[in-house]
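Read through the structure below, which is laid out as C-alpha cells, and then see the notes.
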Amino acid sequence: MKLAHSLQNIQPSYIREILRAASAPGVISLAGGLPDSTQFPLSLMKPSLQALAEQPSLFQYGNTQGFEPLLDYFGNAYQLTNQQKALVCTGSQQALDLIARAFINPGDAIIMEAPSYLGALQVFGLAQANILSVGQNKDGPDLNQLETLFVQQDIKMFYGVPDFHNPTGVCWSLWVRKEVARLCQQYNVTLVEDIPYRELRFAGTALPIASSFCPEHALVLRSYSKIATPGIRIGLVYGNQEWIDALIKVKQGSDLHTSVPMQAVLLHLLQHNEFNLHLQNLRVLYGRRYQKLMEQLKLKLPAQCTANPVDGGMFIWLTLTELADCDILAVAQAALKNGVAVVPSCVFYQPKEKQVSALRLNFTHAREEELVLAVDRLKAVVPH
Ligand SMILES: Cc1ncc(COP(=O)(O)O)c(C=O)c1O
C-alpha cells in the first residue's frame, strides 16, 4: 500500500536507531531523555496501584476530557480561569498531535526554535505545516527574528520550550518571556508553551510561565513523565476553552480518553504528602549528576568544546562548532562504537537548515561513575 503524502517526507528516525544501540550491554547511554527509573516514586504509588483492583468503576470507559477529580486538582494547581479549560492527554506528546490536527492545514506557517524537540518536528512535519525557525540565544529565542517573521508572514503558532529546552537546556529569561507574550498578543499568534522539564530546576529561581503574560493567546502543555513516570503516559494541555473543545473532538476520534486507572494513580501521587520530598530528592540527584558531567567535560575535552551551563532539565548541549570540518554524525557514530551513546545535533534541525555542530548529552539516567567513564570514551573520539 502506498504511503500517505504526509509520511513521505518524514525521515527514518536516527534517534530510534541510536536508542536501540544505546541499550546494548556495555554501552553508557547519554542519548535518551530518560529519567532514572530507580527514582520512580513507586512506593508512593503502591497503595493506589493496589487499590485499583477494588475499583471496577475506574476500568469503565471514561470522559474524553479527563478524570474529573484530576481535572479539579489541575484547575486549582494551575489556577485556571473561567475562560480556560484543561484536557488530560496520553502524554504531552499527544497534546502536540491533537493541536496539529485541530489547527494546522497543510502549508500553514508555524515557528519553532532551531534546534528543536524532535517529537514536535515530527508532529508538525506530519501535519505538513510550513515550519519556519528562529535561532536561540543564551536567554531564549531571537526576538528580532521572531518579530520579523510575525511581520512578514501569517503565522499560526509559535511552539517553544521555555524551561530547560530540549535539546539545548536554554531557559528563557523573564524579559524574553514577557517579550514573546507581547509579540504573540500584538500579532495574534498562539504561543504553544511546552514545559515538561519545568519542575526539574536544581539551581536559580523559577520564573513565571511565558503564557501567564498572554493567557488568552496560549496553550500550555505539561507532562508527568519526568516527575512521576513516563510509562503512565499522562500529560495535560490547557488554555482558551474553545481551543480545548476542538482538541477534545480530535481526541475522541483518536483514543476516546487517557487511561482512567492511571489518572487516578497520578492524582493520588500528586496529593501524597511525600510527593514534594520526592521532587526535591530528584532535583538534588540530577543537580549532582549535572555537576559531575560538567566537571568532567571541562576537565577532559578540548577547550573548543563548549558546554552550555544549565539550571535544570536533563540535557547539556556540547558545541563543537569551532572544531574545523566537524562531521557531527560521524562523531556520534564513533562515540557509539567506543561505548557511549550521544545524540548528534543534526537530528534536531530540519533538513537544509543552518546547523550548529553539537552533541546532546543526557545527565539524568547514568550514575556519576558512568558519567566519568562516558566522558573518557567521548574524549577519545572528539576531534582535537
Ligand atoms: C520538549 C518535550 N515535549 C514533549 C515531550 C513528550 O513528553 P510526554 O512523555 O509527556 O509525552 C518531551 C519528551 O521528552 C519533550 O522533551
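Values for this structure:
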| read-out | value |
| --- | --- |
| Top-ranked residue of region 202-224 - restricted to ones that are surrounded by fewer than 21 Cβ atoms within 10 Å (Cβ to Cβ) and within 25 Å of Phe315 (Cα to Cα), ranked as farthest from the ligand (Cβ to nearest atom) | Thr205 |
| Residue under evaluation Asp72, criteria (1) under 24 Å from the mean Cα position of the chain (by Cα); (2) open to solvent by 40 Å² or more (accessible area, probe 1.4 Å); (3) away from the ligand (no atom under 16 Å from the Cβ); (4) in the same structural domain as Ile234 (by TED's automatic domain parsing), criterion not met | (1) |
| First in region 130-152 and among the hydrophobic types (A, V, I, L, M, F, W, C), second anywhere and open to solvent by 60 Å² or more (accessible area, probe 1.4 Å), Cβ under 7 Å, 6 or more apart | Val134/Gln145; Phe150/Tyr187 |
| Of all residues making up region 60-69, the number that are within 16 Å of the ligand (Cβ to nearest atom) and surrounded by fewer than 20 Cβ atoms within 10 Å (Cβ to Cβ) | 0 |
| Residue check, Ala22 modelled with pLDDT of 80 or more, surrounded by 15 or more Cβ atoms within 10 Å (Cβ to Cβ), more than 26 Å from Val265 (Cα to Cα) and within 16 Å of the ligand (Cβ to nearest atom) | no |
| Condition met for Thr190 (surrounded by fewer than 24 Cβ atoms within 10 Å (Cβ to Cβ) and either at pLDDT 95 or above or within 25 Å of Glu17 (Cβ to Cβ) (or both)) | yes |
| Check on Leu19, in contact (Cβ under 8 Å) with a residue 40 or more places away in the chain, outside the structural domain of Ser225 (by TED's automatic domain parsing) and part of a helix (DSSP H, G or I) | yes |
| Scope region 126-142; condition over 26 Å from Leu318 (Cβ atoms) and surrounded by fewer than 21 Cβ atoms within 10 Å (Cβ to Cβ); matching residues | Leu126, Gln128, Asn130, Leu132 |
| Residue in region 281-292 that is under 25 Å from Pro383 (Cβ atoms) and touching a Leu at 6+ places or on another chain (Cβ under 7 Å) present | yes |
| Hits in region 233-285 - residues which are within 15 Å of the ligand (Cβ to nearest atom), not β-branched (Val, Ile, Thr) and not in a helix (DSSP H, G or I) | Arg233, Gly235, Leu236, Tyr238, Ser259 |
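Residues are listed down the side, and each one gets a yes or a no for (1) at pLDDT below 95; (2) more than 15 Å from the ligand (Cβ to nearest atom); (3) crowded, with 24+ Cβ neighbours inside 10 Å:
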{"site": "Leu80", "(1), (2), (3)": "no, yes, no"}
{"site": "Leu87", "(1), (2), (3)": "no, no, yes"}
{"site": "Gly91", "(1), (2), (3)": "no, no, no"}
{"site": "Ala95", "(1), (2), (3)": "no, no, yes"}
{"site": "Ala100", "(1), (2), (3)": "no, no, yes"}
{"site": "Asn105", "(1), (2), (3)": "no, yes, no"}
{"site": "Ala109", "(1), (2), (3)": "no, yes, no"}
{"site": "Gly119", "(1), (2), (3)": "yes, no, no"}
{"site": "Gln122", "(1), (2), (3)": "yes, no, no"}
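For every residue, the table says whether it meets (1) assigned by TED's automatic domain parsing to the domain that holds Leu121; (2) in contact with a Ser or Thr (Cβ under 7 Å, 6 or more places away or on another chain); (3) surrounded by 22 or more Cβ atoms within 10 Å (Cβ to Cβ); (4) closer than 22 Å to Met112 by Cα.
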{"residue": "Ala307", "(1), (2), (3), (4)": "no, no, no, no"}
{"residue": "Thr319", "(1), (2), (3), (4)": "no, yes, no, yes"}
{"residue": "Leu336", "(1), (2), (3), (4)": "no, no, no, no"}
{"residue": "Pro351", "(1), (2), (3), (4)": "no, no, no, yes"}
{"residue": "Lys354", "(1), (2), (3), (4)": "no, no, no, yes"}
{"residue": "Glu368", "(1), (2), (3), (4)": "no, no, no, no"}
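The values are calculated or read from the model by the stated rules, or taken from the named source; none is laboratory data. On a predicted model such as this, the values are computed, not experimentally measured, just so you know. All Cβ positions, glycine included, derive from the backbone under ideal geometry; neighbour counts span all protein chains shown. In case anyone asks, the SASA skips ligands and DNA or RNA and just uses the protein heavy atoms, side chains included. Shrake-Rupley method; radii C 1.70, N 1.55, O 1.52, S 1.80 Å.
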